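J.: For reference, the structure I am asking about is given below.
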Amino acid sequence: VCRSNKSPWVCLTCSSVHCGRYVNGHAKKHYEDAQIPMTNHKKTEKQEKVQHTVCMDCSSYSTYCYRCDDFVVNDTKLGLVQKVREHLQNLENSAFTSDRHRKRKLLENSSLNSKLLKVNGSTTALCATGLRNLGNTCFMNAILQSLSNIQQFCCYFKELPAVELRNGKTAGRRTYHTRSQGDNNVSLVEEFRKTLCALWQGNQTAFSPESLFYVVWKIMPNFRGYQQQDAHEFMRYLLDHLHLELQGGFNGVSRSVILQENSNLSASNKCCINGASTVVTAIFGGILQNEVNCLICGTESRKFDPFLDLSLDIPSQFRNKRTKNQESGPICTLRDCLRSFTDLEELDETELYMCHKCKKKQKSTKKFWIQKLPKVLCLHLKRFHWTAYLRNKVDTYVEFPLRGLDMKCYLLEPENSGPESCLYDLVAVVVHHGSGVGSGHYTAYAAHEGRWFHFNDSTVTLTDEETVGKAKAYILFYVERPAKPAAEKL
């Protein structure tokens, strides 16, 4: 219909090929057009078969049913689905397709020349691998690419021993799904590990995170379907579920034992959230002190809250969209957002504090202090705000440092920290392009071995610090700067 060669899906009823949902959605329209009017409840077997409900992805050979809105994991008695897969694979290996691949390789090689970089006098090709978009899954891809560049976190998962989830009849076979294995055999940690291992392998072909996405569907119902999702919400769910699963056993060995054996993650740096400490809390875990003062009697209440990230408001004076004519106005900085988060704030009428001394709700003030900083500081800028009926986006540019973010002035006891223990360097940025949370597109910038890359689903390109600094950040990942050895200090 649209002559697109992206994401082809073949109808298993009539063999017509259409584009997938995240291109122009003609495969779904084909299914909708073929529906039989529900005139009576008794449908014959023949009528049942001509509804064109099942199709196959020509790239990954996954089978999908539009009526169930789900991936199909079984086959016919004659194994017809597998025969279609084998036929498509044979076509892919045919001389005609090989010729097309050769032409495509020539195009890729010509574009790859722009992706070469001189390092120490020698020319080095890109070693980064993109992630295929499975249908509005850019929110997941941006988060996965960001996390894959946080070395300490990524290395922990990559060094975990592999778990073989399949046994018996399915052992050794190529699988196109994980959902048929049952709830008990689904492992988010294992699929997350496999995905991280697939990245940075130097493969020019984008990796398809299907297995991970299906596990996400299974254990995080909020993310089922193919609509656009919030990248920050996904990141929080992902980290929380990884944390919970890591507290269980792993190949007969307690995950906490593995964590304790990792010399890089000392016990003194752990922050427990919902149970025992894991690599998630050891890397991302910090502690906030929430201080509330009653304005009537002066009673002070203190509470300590663990956190994995900090959500920062963009101050109201910067929220109006900046046009070219307003460029001379004040620029919002990350420090403005941090100051707004930690400044003393008087709670409004809807947030009255229950004072234990006054025995009733009273006007009060609130202030946050950071009691303990994490190894990786994740800062989420609140770009989406509810109005009467809509969720609007704050499109304000927020200036952020690429190196040397100093968090000392936000600490509860700054005198107890070393001169360089509060400095952070940027490692990744997630950007939302577009106007609404339910639409638009997510990409990520991340630093790897001193070079900055732009991750746009399956496309990965080299970029520079100036381009990164101009991005309208949504989520920022900062890594604690390692303290200099005593000899260097002297």
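The values are calculated or read from the model by the stated rules, or taken from the named source; none is laboratory data. Worth saying up front: this structure is predicted, and the values here are computed from it rather than measured. Neighbour counts run over all protein chains shown; Cβ positions are idealised from the backbone, glycine included. These accessible areas exclude ligands, DNA and RNA; they are computed on the full protein's heavy atoms, side chains included. Shrake-Rupley method; radii C 1.70, N 1.55, O 1.52, S 1.80 Å.
J.: Looking at Gln82, is it open to solvent by 30 Å² or more (accessible area, probe 1.4 Å), part of a helix (DSSP H, G or I), at pLDDT 75 or above and not aliphatic (A, V, I, L, M)?
T.: Yes: the conditions hold for Gln82.
J.: How about the range 449-484: which of its residues are over 22 Å from Asp230 (Cα atoms) and in contact with an Asp or Glu (Cβ under 7 Å, 6 or more places away or on another chain)?
T.: Trp452, Val479, Arg481, Ala483, Lys484
J.: Just the residues that are open to solvent by less than 40 Å² (accessible area, probe 1.4 Å) and not small (Gly, Ala, Ser), please, taken from the range 5-22.
T.: Within the range 5-22, Pro8, Trp9, Val10, Cys11, His18, Cys19 qualify.
J.: Looking at Leu402, Leu379, Leu426, which is the one that is outside any strand (DSSP E or B), closer than 25 Å to Asp457 by Cβ and at pLDDT 90 or above?
T.: Values: Leu379 fails: outside any strand (DSSP E or B); Leu426 fails: outside any strand (DSSP E or B).
Sole residue among the options that is outside any strand (DSSP E or B), closer than 25 Å to Asp457 by Cβ and at pLDDT 90 or above: Leu402.
J.: Scan the range 130-159 residue by residue and report those that are open to solvent by less than 10 Å² (accessible area, probe 1.4 Å), over 19 Å from Val431 (Cα atoms) and either part of a strand (DSSP E or B) or not aromatic (Phe, Trp, Tyr) (or both).
T.: Answer for the range 130-159, where residues must be open to solvent by less than 10 Å² (accessible area, probe 1.4 Å), over 19 Å from Val431 (Cα atoms) and either part of a strand (DSSP E or B) or not aromatic (Phe, Trp, Tyr) (or both): just Cys154.
J.: In addition: Listed residues Asn203, Asn222; which is in a helix (DSSP H, G or I) and surrounded by fewer than 17 Cβ atoms within 10 Å (Cβ to Cβ)?
T.: Working: Asn203 fails: in a helix (DSSP H, G or I).
On inspection, the qualifying residue turns out to be Asn222.
J.: I want to confirm something. Restricting to the range 327-344 and keeping residues that are of a type outside the set (Ser, Thr, Tyr) and open to solvent by 80 Å² or more (accessible area, probe 1.4 Å), which single residue is modelled with the highest pLDDT? Write out each step before concluding.
T.: Looking only at the range 327-344, we keep the residues that are of a type outside the set (Ser, Thr, Tyr), and these are 327, 329-332, 334-339, 341, 343-344.
Adding the requirement that they be open to solvent by 80 Å² or more (accessible area, probe 1.4 Å) leaves 327, 330, 335, 339, 344.
Details: Glu327: 52, Pro330: 84, Arg335: 94, Arg339: 91, Leu344: 81.
Here the answer is Arg335.
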